[in-house]
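The values are calculated or read from the model by the stated rules, or taken from the named source; none is laboratory data. Computed from a predicted model, the values in this text were never measured in an experiment. Cβ placement follows ideal geometry from the backbone for every residue including glycine, while neighbour counts extend to all protein chains displayed. When the accessible area is computed, the model is the full protein with side chains, heavy atoms only, and any ligands, DNA or RNA have been set aside. Shrake-Rupley method; radii C 1.70, N 1.55, O 1.52, S 1.80 Å.
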Amino acid sequence: MSTRHVDAVVVGAGFAGLYALHKLRQQGLDVQVFEAGSDVGGTWFWNRYPGARCDIQSVFYNYTFDDDLAREWVWSEKYASQPEILRYLQHVADRFDLRRDIALETRVTELRFDEDNSRWSVRTDAGETLEATYVVLGVGLLSSANMPDIPGRDDFAGPILHTGHWPHEPVDFTGKRVGIIGTGSSGIQTIPIVAEQAEHLTVFQRTPNFSLPAHNSAPDAEEVAALRARHPEVREQLRNSSYGILHDPPTQGALDVSDEERVATYASRWDDGTLTGILQSYNDLVRNQASNDTASEFVRSKIAEMVDDPEVAEDLVPRGYAFGTKRPCLDTGYYATYNRDNVELVSIRRTPIERITPSGVRTSAGEHPLDVLIFATGYDAMTGSLLAMEIFGRDGLSLREAWADGPSSMLGIAVAGFPNLFTITGPGSPSALSNAVISIEQHVEWVSDLLAHLRSEGLQVAEADEVAQKEWTAHVQAAGNATLYPQTDSWYMGANIPGKPRVFLPYIGGVGAYRAHCDRVADDGYPGFALS
Ligand code: N01
């Protein structure tokens with residue numbers, strides 16, 4: 001039987017994969033999408049844990065490419081919940097008739113470049129092998145779940161859940177003793193909801209996080225209408241901003257203003273309830289420790305105010321790393337949850353987990369009996385989902401080998417030795433330090449333009465150049481090293497995964513500046529890429 005050939009295979013049907021399919025189809029390409037889930041949605045398909053919602057204002061957390069789509073869709077909350085975001089992505093799939101080219105419940109297991117015909121051989125867990133000229137990887141930054149290998153994990157008698165792979169049927173915690181490990185964004189969103197249901201909730205916290213109040217509410221209808229009315233202009237502003245959201249860029253350093261003015265600014269941003277508001281108050285908060293201390297101290301004092309028991313408050317207050325360098329969280333009632341009688345905080349720095357037993361979790365201070373255990377332990381970020389596939393480029397080189405010392409890429413889009421393979425929001429692009437939807441659109445459009453260019457020139461192959469890739473990767477690291485981020489153990493640094501190389505994974509140059517750079521590369525005929 002002959003092998004089916006398509007122009008492009010797209011892996012993943014979340015924000016990235018759906019738009020890649022739409023865009024490449026518009027060019028007349030024959031596209032096949034593979035998606036492991038049983039529906040479209042990507043991250044928003046899998047992350048069904050209670051309380052899951054976006055923490056970028058919804059009005060900016062949607063596609064901008066289609067004016068009608070942007071004007072018609074109205075979010076019901078300032079920060080939309082997971083079911084609503086999933087409905088949006090399902091709506092996009094239907095509206096643009098995307099589903100007919102998406103194979104659901106099909107995982108790509110291997111990609112192998114055939115140098116003889118310059119095509120990718122794509123193997124799936126459904127047993128299919130097909131050939132593609134181009135491969136676009138929209139597998140998500142935060143989709144390969146981190147399930148720490150805590151001794152005794154398999155002995156636990158009750159259900160073990162991971163926030164990133166939450167069951168589809170509702171989970172009822174009524175009357176249950178629940179334990180949760182992890183206090184990142186997922187844990188901080190889950191904890192207040194589970195606390196309301198469970199008989200008892202034990203939170204096992206390794207590192208306290210900086211979390212800010214979301215002040216979630218119905219969106220301001222007038223503001224939304226005004227933004228939608230001038231959509232094309234808003235789109236340009238988002239695309240040329242620092243983070244892919246609208247804000248006034250800071251012009252002063254934190255120490256350039258009086259203490260009173262600074263605290264008033266932080267307080268007003270705290271009241272606004274946005275993820276980046278405080279961090280964007282001054283232009284040196286992620287670069288200058290003394291400046292950062294002012295913001296860190298402000299947030300610490302707010303946390304302490306919200307928690308009744310001073311000892312619990314002290315355990316919840318983050319210390320020893322700069323605000324912002326571990327991704328901050330946005331919450332609804334997180335700290336007040338610790339004032340409930342049925343909630344207990346266990347600092348596993350002070351009393352480490354020794355093992356999971358059939359009936360609970362044993363720390364150095366004793367046993368915590370549990371019926372259900374939730375892992376909110378995050379992801380092998382940015383590289384995990386790419387390396388979960390076996391990817392072999394020229395000369396049989398595997399991506400895992402190529403990235404043994406950390407990922408290197410040209411613009412976070414392409415990797416030398418892996419021709420015609422494109423990583424949407426890959427390591428080395430703004431990705432995790434931006435509104436991912438805006439970054440996804442930029443990557444998809446840039447790749448689509450590159451393929452159009454190849455075709456118009458009668459060419460078939462685009463490949464990152466080794467030297468240009470080294471320069472870009474060094475630039476990404478230098479930009480990161482000019483900030484406080486590398487001093488903190490975070491998933492930005494790969495530090496949450498034992499044995500993962502410690503490098504700064506995203507590019508911190510800003511969405512707008514990065515876009516301008518990519519546009520220049522395209523305008524100049526793609527220096528840094530070999531086109532053949
Ligand atoms: O994961 P995390 P997450 N033993 O890595 C702890 C996005 N997101 O799923 O900090 C004990 O942040 C770990 O402790 P430590 C967002 O970008 C967005 O919460 O490593 N504990 C930490 O407390 C976010 O940043 C939304 O010391 C262990 C927690 O588990 C990213 O996804 C919602 C452990 C993991 O926190 C990841 O968030 C949710 C171990 N062996 C997620 N291993 C929105 O709101 C890890 N931990 C849009």
With Val92 itself left out, Lys, Arg at +1 and Asp, Glu at -1 over residues whose Cβ is under 15 Å from its Cβ give -4
With just the Cα atoms of the stretch 57-156, tell me how far they stretch along each of the three principal axes, in Å, largest first. 48, 48, 20
Taking every C-alpha to C-alpha distance in the stretch 168-237 and binning by 5 Å from 0, the per-bin percentages run 3, 13, 16, 14, 11, 12, 9, 9, 9, 4, 0
Along principal axes, Cα extents of the stretch 400-484, largest first, whole Å: 46, 29, 20
Using per-residue counts of other Cβ atoms within 10 Å, averaged over each peptide, order 291-304, 426-439, 351-364 from highest down. 426-439, 291-304, 351-364
Whichever aspartates and glutamates have a C-alpha closer than 15 Å to that of Lys470, once near sequence neighbours (fewer than 8 apart) are set aside: Asp405
Nearest 5 percent is fine: what portion of the DSSP beta bridges confined to the chain is antiparallel? 40 percent
If you take the beta carbon distance between Glu105 and His5 as r and set R0 to 30 Å, what does 1/(1 + (r/R0)^6) give as a FRET efficiency, to the nearest 0.05? 0.85
Please list, or write none, the lysines whose alpha carbon is within less than 29 Å of the alpha carbon of Lys302, excluding same-chain residues fewer than 8 places away. Lys78, Lys326
Using modelled backbone amide H atoms (1.01 Å from N, in-plane), which distant-in-sequence or interchain residues come within less than 5 Å of Phe210's amide H? Cys329
Ranking request for peptides 198-207, 407-416: highest mean number of other beta-carbon atoms within 10 Å first, then the rest in descending order. 407-416, 198-207
When ligands, DNA and RNA are left out and all protein chains stay put, how many square angstrom of accessible area per residue does the stretch 142-184 have with a 1.4 Å probe? 48 Å²
On the formula 1/(1 + (r/R0)^6), with r taken between the Cβ atoms of Val461 and Ala388 and R0 of 25 Å, the FRET efficiency rounded to 0.05 is 0.45
Cα-only radius of gyration and Dmax that characterise the stretch 114-201, units Å: 20.0, 63
Once you place label points 7 Å from the Cα toward the Cβ at Arg287 and Asn481, how far apart are they in nm? 1.7 nm
FRET efficiency, 1/(1 + (r/R0)^6) with R0 35 Å, evaluated for Ser118 and Arg502 via beta carbons: 0.50
What trypsin sites (Lys or Arg not before Pro) does the stretch 449-532 have in DSSP loop regions with at most 13 other beta carbons within 10 Å? Arg502
Length gain on complete extension for the stretch Glu223 to Arg153, per 0.36 nm per residue less the alpha carbon to alpha carbon distance? 20.3 nm
Name the shape class, rounded, prolate or oblate, that the alpha-carbon gyration tensor gives for the chain, where a ≥ b ≥ c are the square roots of its eigenvalues, rounded holds for a/c under 1.5, and otherwise prolate holds if a/b is larger than b/c and oblate otherwise. prolate
